[in-house]
Ligand code: 6MZ
């Protein structure tokens, strides 16, 4: 399905450290292995392993984070991730990442984000290597392991960086860890300050938290795998757009099979949804591949897939000028489709 690749697409749920090329991870691991800092063969095995449970995925992130600890590496991986999305005709990407500090490398949370923004802030015009236009915006992630203070620090950082491409806050991390009451004050503050908020919601069965999150009325939610009837009702009446990550959900066994994926029900109900990769590196996928899987699994044609892609523009966290630009890109592409 060549057209899944060639049509313009919008990526709204991509974790930076989950989107790194395997080749880059292996190169970084080899470098640390050669210096005797890690056991390369063990890390290589973890990187190349294919099927992982949700808890194994979070162990892999701990390994990845050991490999991406200095400014130059953070800038490099961001550049590559943006290049990879641009090369498959993603015209707008909202990357999300958790600010990290590493005193040994002179890295603060602030300088970590600066290292990311070095690439993304200059990308509105044109991607240097692929010559393709891609808008890049950033969401700062609060990790569920964090305290209220740390979460608030992330929000403050986002506010400081909002004129450099940071548009909002994401709540992510291992869903088996932490409680809503811990993050709520920081998320509420973020929204009061005009930042957009998206939440990983229902990645594990946790009815109370799903209710609390939907009551918060975030700008978007991600996943929505373990929803029950009462949650679907609330979600549908709220019209909160859902970021759906098919491969990720299948690979982590968060849904039993692609046929049983909640995409079908939400799509039929005309609920706002957007297809996303989640962690294209960790799950060996791409946004074109996610579109291809949806088209073939749910019997959607080229026109329907194009509409799905175009509708995502409505749910981006960037301003109206960007929306207008994207609207023009899609109008032009629609003419070519006729
Ligand atoms: C929840 C996830 C995730 O922030 O270091 N992350 N959180 N569910 C998922 N689905 C499988 N995939 C990634 O990127 C990696 C971090 O993103 C979050 C986790 O906190 C992970 O450590 P950054 O760039």
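Every read-out reported here was derived from the displayed coordinates using simple, explicitly stated rules and does not represent laboratory data. Note that the structure is predicted; figures quoted are calculated from it, not measured. Cβ atoms come from the backbone with ideal geometry, glycine included; neighbour counts cover every protein chain shown.
Between residue 162 and residue 303, residue separation times 0.36 nm minus the direct Cα-Cα distance comes to 47.2 nm. When peptides 223-236, 285-298, 51-64 are ranked by their average number of other Cβ atoms within 10 Å per residue, the highest-first order is 285-298, 223-236, 51-64. As a rough footprinting exposure proxy, the listed residues 13, 71 were ranked by other beta carbons within 10 Å of their own, and the order from fewest upward is 71, 13. If R0 equals 35 Å, the separation of the Cβ atoms of residue 70 and residue 233 corresponds to a calculated FRET efficiency of about 0.15.
Ordering 251, 208, 191 by the number of other Cβ atoms within 10 Å of each residue's own Cβ, fewest first, gives 208, 191, 251. Among 36, 281, 106, the largest mean-square fluctuation in a Gaussian network model of the chain (Cα springs under 10 Å) belongs to 36. Sketch the reach of a paramagnetic label on residue 177 as a point 7 Å from Cα along Cα-to-Cβ, and name the residues of segment 46-73 whose backbone nitrogen lies under 16 Å away. Residues passing the 16 Å test: 54-67. Taking the chain as a Gaussian network, Cα atoms linked when under 10 Å apart, which of 14, 115, 176 shows the biggest mean-square fluctuation? Evaluated over the chain, the most mobile residue of the options is 176. Going by neighbour counts of Cβ atoms within 10 Å, the residues 46, 10, 313 line up, fewest first, as 46, 313, 10. Semi-axis lengths, largest first, of the ellipsoid equivalent to segment 150-227 are 22, 12, 11 Å, with √(5λ) applied to each eigenvalue of the Cα gyration tensor. When a/c reaches 1.5 or more, the comparison of a/b and b/c decides; with that in mind, is the chain rounded, prolate or oblate per its Cα gyration tensor? Verdict is rounded for the chain. For segment 1-158, what does the alpha-carbon gyration tensor say about shape, rounded, prolate or oblate, given a ≥ b ≥ c as the root eigenvalues, a/c under 1.5 as rounded, and a/b over b/c as prolate? Note, shape of segment 1-158 comes out oblate.
The value of relative contact order for segment 2-337, using C-alpha pairs under 8 Å at least six residues apart, is 20 percent. For residue 270 and residue 319, the difference between the fully extended length at 0.36 nm per residue and the C-alpha to C-alpha distance is 15.2 nm. Working note: 222 nm ellipticity from helices only, DSSP H runs with n ≥ 4, each -39,500 (n - 2.57), summed and divided by the residues of the chain, gives -15000 deg cm²/dmol to the nearest 500.
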